[in-house]
Amino acid sequence: MERARVPHTITRISRPRRGALGISLSELWSYRDLLYFFAWKEVKIRYKQTVLGGAWAVIQPLVTMIVFTLVFGGLVKMPSDGVPYAVFSYSGLILWTYFSMSLAHSSGSLLSNANLLSKIYFPRILLPLSSCLVGLIDYVIASSILVVLLVYFHISATAWILLVPLPLVLCFLLASGIGFWLSAASVKYRDVSYAVPFFVQVLLFASPVIYPVSIVSGRYSTLLSLNPLSGIMTNQRAFILGSGADWGSLAIATIVTLLVFVLGLMYFQRYEKEFADVI
Amino acid sequence: MVETSIQVRQLSKRYLLNRQGGYKRLTESVSDFGRHPLQSIKAARAKKEIFWALKDISFDVEKGGVLGVIGRNGAGKTTLLKIMSRITYPTEGEVTLHGRVGSLLEVGTGFHPELTGAENIFMNGAILGMRRREIEGKFDEIVKFAEIERFISVPVKKYSSGMYVRLAFSVAAHLEPEILLVDEVLAVGDAQFQKKCLGKMKDVSQSGRTILFVSHNMPAVQGLCESALLLSQGTLVMHGAVDKVVAEYLRTASFLNENDLERKEVRRRGDGAARFVRIELLDSQGVTANSVTEGKPFQIALTLRVDSPVDVRIISITFVDQLGVDIMTTMHYDTLDISELRKGIYKFRVTVAPNPFLRGTVNLRLACFGPNFAEYDHIHYAFSFNVVPDTEGKDAILLRPGIVNIPVDWHLTEGPKE
């Protein structure tokens, strides 16, 4: 069998040193195919033996949007910054669905692959990372409904829409950062699997997904602006509807997200070498 | 000059033994303390129990060498392999590996039942560290070696266990790393396929790759390896020519024929509320023995010490074969109705009649549990004995296939009329 000459690799294995942030990008790069296969497997398996298949990616945010539109748009008369509430909530909900699903999957990704962890080496970070990548596909599928809504309500897209990937990338980094932390913690503390759904539920109400930032005032608004999801949601909505960017909240969201990502990564790295002994 | 492929220096691995399982709930320790303050302090102290799975191991393997690693279950073989595979990390010492490493601790790691054979080849190949292009290049070879051409687009959940194992080994066999670490993969599959796997591994070794092969299958080790390591209780006992090491292993294999369970080498878990102190094997004549005869009855005499009144729910003996597979478990409540035990010494006599085990080595695992599976005592390798053929029986020269032999009735119901 012909095989390309691989450079002479030397692996040294010794007691892991605490505190060293030793992420090897070249190693991650050499495992990029595995990252792809993990994500690909998730997609393949997720909708096996379901009748509706990929339609579930649309049904979840769509039905939530309809319910919220009936309750908040119809009954509560929630203000929505002058846009039809359906468009307002759906443009937030697709990103929210992505975020919450990513969190749910990535936080459980190590435990559900416990057998892999104890039998084979690969960069452990690929597991929570691939969980957060898979959701992007659902996001794209769910976006198609958004296009339908925009057409129906005669809202025309502007050049701002080209910036939509920016809050999406922030959302991915935020979900990954929290996912790294939760998945690593779940190996030692099974409480995590109980806490996550609850945490996500609370976070929905602490983020401007189904209400605009403008209705929050006083000290709560300062608190809200520190929630990175606030800047992410507000700007993604603004980019979609063409109402321009809110650079201030975007900057805060970027800083907080990067901080969460790096801290999550550090926590993960600190404990990953103990996973197989504890899980 | 000889090139070194694997360098192991003063390698040690320490585990801190936990009371039950490895994980804990945040509040568990708090609530435990609230309910049973004394017991939880005792447990916390017991939790600090240190156990060295490997102690000060050093050896080298030169490039192209094939090293066998043998030893009893629990000797540290798998820990050694797990450290070299970077699954777990050493407490002390260092391993240096020169070249791409492929490890095969289990056949079919990462197989997903819902995916087809072809999909699993890619998935499993990627997990083992192969690049996608590499898998594509070897795809046909893998399928052919596994003999599953017709079923390649069928989900593997529909596969027979034989097909599953063949496919899994085939993917791993085509990994072509410079250093291959293999743990007991030949324990699966039928004899013919085992032969094929062994042949494949020989090919791998002849192409200049380094192999570390862990096995209980002595003929396989002798057939494949030039040299071997003998591990015992986490230490390196011997390193040398394979035949000498295998001979030493077989000579010392009977070290578990020690009746005293209080000796310090016994590895056990549990809080000791009830504790096994002695085990003895009695042959069909009622005489203390180290071996029993196929088909003849035998007994196990077990002594349990209880220091303060305790509620015992399960006392069990598990018979484990030489590959570490559980053959059967017998529980005290099968025939005995006791649970509340007062302080004192309890002696049990367990009769197995007739002996269902076929020739070979049988290991015994002892366990004693209280309510909610509270672990009082758990000894993984408490004792082992040999089963020898009955020289006067009908099976004297025949090696009956199987693991056990249970009495079965044969009747002739029809034949040619006179």
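The values are calculated or read from the model by the stated rules, or taken from the named source; none is laboratory data. Note that the structure is a prediction, hence the values are computed from the model and not measured. For neighbour counting, all protein chains shown are included, and Cβ atoms are generated from backbone atoms with ideal geometry for every residue, glycine included. Ligands, DNA and RNA are stripped out before the accessible areas are found, and what is left, the full protein with its side chains, is counted by its heavy atoms. Shrake-Rupley method; radii C 1.70, N 1.55, O 1.52, S 1.80 Å.
Figures for the structure shown
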item	result
Options A:SER186, A:SER217: the member that is over 17 Å from the mean Cα position of the chain (by Cα) and not in a helix (DSSP H, G or I)	A:SER217
Residue match in segment A:257-265 (condition: touching a Cys at 6+ places or on another chain (Cβ under 9 Å), among the hydroxyl-bearing types (Ser, Thr, Tyr) and crowded, with 16+ Cβ neighbours inside 10 Å)	yes
Filtered residue count, segment A:46-69, keeping only those that are more than 14 Å from chain B (Cβ to nearest Cβ) and either closer than 19 Å to A:LEU95 by Cβ or part of a helix (DSSP H, G or I) (or both)	16
1 or more residues in contact (Cβ under 8 Å) with a residue 24 or more places away in the chain and touching a Pro at 6+ places or on another chain (Cβ under 8 Å): qualifying strands (runs of 3 or more DSSP E) within segment B:270-309	B:291-293
Scan of segment B:200-221 for residues that are in contact with a strand residue (DSSP E or B) (Cβ under 8 Å, 6 or more places away or on another chain) and open to solvent by 30 Å² or more (accessible area, probe 1.4 Å), ordered by number	B:ARG209, B:HIS216
Residue in segment B:81-93 that is in a helix (DSSP H, G or I), touching an Asp or Glu at 6+ places or on another chain (Cβ under 7 Å) and either open to solvent by less than 60 Å² (accessible area, probe 1.4 Å) or facing another protein chain (nearest Cβ under 10 Å) (or both) present	yes
Residues being within 14 Å of chain B (Cβ to nearest Cβ) and touching a Gly at 6+ places or on another chain (Cβ under 9 Å) - total across segment A:99-126	8
Test for A:ALA245: is it of a type outside the set (Ser, Thr, Tyr) and assigned to a loop (DSSP other than H, G, I, E, B)	yes
Test result for B:VAL214, closer than 25 Å to B:GLY360 by Cα, more than 11 Å from chain A (Cβ to nearest Cβ), within 20 Å of the chain's Cα centre (by Cα) and at pLDDT 85 or above	yes
Among residues of segment B:116-129, those that are facing chain A (nearest Cβ under 8 Å) and either crowded, with 22+ Cβ neighbours inside 10 Å or assigned to a helix (DSSP H, G or I) (or both), counted	6
Odd one out for A:PRO165 among (1) farther than 18 Å from A:LEU127 by Cα; (2) touching a Gly at 6+ places or on another chain (Cβ under 7 Å)	(2)
B:GLU136, sole failed condition from (1) over 26 Å from B:VAL214 (Cβ atoms); (2) at the interface with chain A (Cβ under 9 Å from one of its Cβ atoms); (3) without any contact (Cβ under 8 Å) to a residue 24 or more places away in the chain	(2)
B:VAL107 open to solvent by 20 Å² or more (accessible area, probe 1.4 Å), within 19 Å of A:LEU117 (Cα to Cα) and at the interface with chain A (Cβ under 9 Å from one of its Cβ atoms)	no
Test: residue in segment A:266-275 that is open to solvent by less than 20 Å² (accessible area, probe 1.4 Å) and within 14 Å of chain B (Cβ to nearest Cβ)	yes
Any hit, segment A:103-124, residues being modelled with pLDDT of 90 or more and under 23 Å from A:LEU149 (Cα atoms)	no
Selected residue [over 26 Å from A:ASP33 (Cβ atoms), more than 13 Å from chain A (Cβ to nearest Cβ) and of a type in the set (Phe, Trp, Tyr)] from B:PHE151, B:PHE193	B:PHE193
Per-region count, segment B:260-272, residues open to solvent by 30 Å² or more (accessible area, probe 1.4 Å) and modelled with pLDDT of 80 or more	6
When residues of segment B:310-345 are limited to those that are part of a loop (DSSP other than H, G, I, E, B) and among the polar types (S, T, N, Q), the one modelled with the lowest pLDDT	B:GLN322
